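The values are calculated or read from the model by the stated rules, or taken from the named source; none is laboratory data. Only a predicted model underlies this, so the values are computations on that prediction, with no experimental measurement involved. No Cβ is skipped: glycine too gets one built from the backbone with ideal geometry, and neighbour counts run over all protein chains shown. Keep in mind that these areas ignore ligands, DNA and RNA; they rest on the heavy atoms of the full protein, side chains included. Shrake-Rupley method; radii C 1.70, N 1.55, O 1.52, S 1.80 Å.
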Amino acid sequence: MLPYVLSLPALLVCIGILIPFFTSVVYSFQRYRLSQPWARQFNWGDNYISFFTDPRFWNTLEISLLYAGITVLLELLLGLGIAMLLQKRSTLNNFISIMLLMPLMTAPALAALMWKLMTNPGFGVLSYLASLIGLQDFRWASSPSTALFTVVLVDIWVYTPFIMILLLAGLRSLPTQPFEAAALDGVPRSFVFFRITLPMLTPYILTATLFRLLDSIQQFDIIYAMTQGGPGDTLTVFQVEAYLNFFQSTNVGRSAALMIILWAITYFLSNIFIKNWLRLRERARGQA
Amino acid sequence: MEHTSLLERILRGIALTLVVIFFMFPIVWILMMSFQTNETILRIPPQLVFKPTLANYTALITGKLTTAAGTLDIAFMRNLWNSVFLSVTSVAVALLLGVPAAYAFARHKFRGSEDIAFTLLSFRFAPALLVLLPLTLYFQKLGLANTYIGLIWVYQLICLPLILWIVRGYFEDIPADIEYAYRIAGHSWFATFRKIALPLAGPGIAAAGLLAFIFAWNNFVFALVLASADKQPVTVGALAFITSSGIQYGQISAAIVLSITPTLALALYAQRYLVEGLSLGAVKG
């Protein structure tokens, strides 16, 4: 009896998640605007069908995938590079890896504000540095052509340390024998990297990639704090677009449909992830 | 490992220096801005040497900013208090409810327990607004909108699954035989939980609590959607501050410094736990 009582709060949170989730599903099949509550009615698939001919939706999908793809790829390369630089256990390396935790522990919304101050056209130090290398009047997040670059930069600043930490833990846990054998045989370093290090590191890389992909495709804090999705609709990724639809144009139906589509994408990705993760966990336990 | 050439060591040194500069520079720069007056901040080129002033911090702490144009009220301390209160209470509630639940899940495989755990885990990766937007409408009907209780309730959506999944793993790692032996000696189920399981899972519980605190503190979207000015934590408050006060860059920097210090200090203090927790639990900044 007791276990049931103890797990009650978890069950309640579950219900607390599932009720709004199904409410979202229902909303997404309705014509529902907060400004016109009297006109609320089921329109079944209309919200979804209209997406096909809606350039704003395609823009949202494109910019979300682009943002997730660019950030995760760059963070992976950078994170792997830094992890390999820090691989050897030394006081300095350990100190640096702890220092690099700091951006990750900074609230992403606040990190965006920090970069906003640094890229201010009037006095921002980065605007000044840009002008030194010949980029006069570089507009950072306020110009449509560089806004994506700027938020990606902030994302990289915040989340690269996450990938670095996971990969560093991975690198340091690899068995040393293959590397010793390769060194004895005089195998070229690039061969060691591509044929030994990378394959053995793959589980860690996959975990880090999926974690970051799931997070990045849902990015809200950095983009909203930096530009509110602007300029124009340059950065209206899924969650920002849904937020603006809900609170500005009060179009609850469209907002809910957007969230359901994003949920479907993340559900697909997270299922791959959870299955892999459980398998790794079982295997780790089996060895212990 | 293998011996490295001088050239390689120099290149590694340069690369590491660049990495450290890139990741540390924003924090150092904002820290420096927070000790400057607006007058030195606005100078071009940016000043590396300046006479530090505590005026920005005193303005924030007293809540009064005196300028040539008059006095301005700053409510930032209110935001800071809200952050402390919301994060501490949410984590306390989540630990109180989550640790026993994690123990139940780890030790008693009953029908539905895996389903609950899986639902929680899979929604850990779901978009926040999917759940949040309908909740705002419900909360308005229930009178929970813009209340601490409503916010703490919503914060459980981040804290509880995190604690449940991390702590459950730690409980599962305790050999059941130890507990069994203690039970056979005539101790109750609760005594076993309190005297054996809790102390053994202590580090895991600490890691989970720490991580939950950092996520609660750093959360932005929940309070943005559900709280109005007097209940907002620092993440939302700082954004409002930047738009309302426009040009008080020194105070804004000081506000950012005050807002990020608690999580940075905690992270540095307990980095060992943190790394463990990050690789075990789900991560959302």
Taking segment A:223-248 and the residues there that are without any contact (Cβ under 8 Å) to a residue 60 or more places away in the chain and of a type in the set (S, T, N, Q), the one that is nearest to residue A:116 (Cα to Cα) would be A:228
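Residue by residue, here is whether (1) within 11 Å of another protein chain (Cβ to nearest Cβ); (2) touching a residue at least 12 places away in the same chain (Cβ under 8 Å); (3) open to solvent by 10 Å² or more (accessible area, probe 1.4 Å) holds:
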residue	(1), (2), (3)
B:31	yes, yes, yes
B:36	yes, yes, no
B:47	yes, no, yes
B:74	no, yes, yes
B:86	no, yes, no
B:105	yes, yes, no
B:111	yes, no, yes
Within the group A:54, A:46, which residue is away from chain B (no Cβ under 14 Å) and open to solvent by 40 Å² or more (accessible area, probe 1.4 Å)? A:46
All positions within segment A:79-104 that are of a type outside the set (A, V, I, L, M, F, W, C) and farther than 19 Å from residue B:4 by Cα: A:79, A:94, A:97, A:103
Filtered residues of segment A:88-119 (kept if over 25 Å from residue A:171 (Cα atoms) and either part of a helix (DSSP H, G or I) or open to solvent by 30 Å² or more (accessible area, probe 1.4 Å) (or both)): A:108, A:109, A:110, A:111, A:112, A:113, A:114, A:115, A:116, A:117, A:118
Mind checking which residues of segment B:119-167 are in contact (Cβ under 8 Å) with a residue 40 or more places away in the chain, more than 7 Å from every other protein chain (Cβ to nearest Cβ) and over 21 Å from the mean Cα position of the chain (by Cα)? B:136, B:139, B:145
Inspect segment B:170-190 for any residue being over 16 Å from residue B:92 (Cα atoms) and among the polar types (S, T, N, Q) and give the result as yes or no. yes
Exactly one of A:145, A:131 is free of Cβ contacts under 8 Å to residues at least 12 places away in the same chain, assigned to a loop (DSSP other than H, G, I, E, B) and out of contact with any strand residue (DSSP E or B) (no Cβ under 6 Å at 6 or more places or on another chain), and that residue is A:145
Residues being among the polar types (S, T, N, Q) and modelled with pLDDT under 90: count how many of those fall in segment A:94-118. 2
Subset of segment B:144-183 [among the aliphatic types (A, V, I, L, M) and in a loop (DSSP other than H, G, I, E, B)]: B:144, B:145, B:174
Let me spell it out: the conditions are (1) surrounded by fewer than 24 Cβ atoms within 10 Å (Cβ to Cβ); (2) in contact (Cβ under 8 Å) with a residue 60 or more places away in the chain, and residue B:223 meets all of them except one. Which number is the exception? (1)
State whether one or more residues within segment A:192-204 are assigned to a loop (DSSP other than H, G, I, E, B), at pLDDT 85 or above and on the phi < 0 side of the Ramachandran plot. no
Among the candidates B:173, B:177, B:230, residue that is within 11 Å of chain A (Cβ to nearest Cβ) and surrounded by fewer than 23 Cβ atoms within 10 Å (Cβ to Cβ): B:173
Candidate set from segment A:77-87 (those that are within 10 Å of chain B (Cβ to nearest Cβ) and open to solvent by 30 Å² or more (accessible area, probe 1.4 Å)); member that is modelled with the lowest pLDDT: A:87
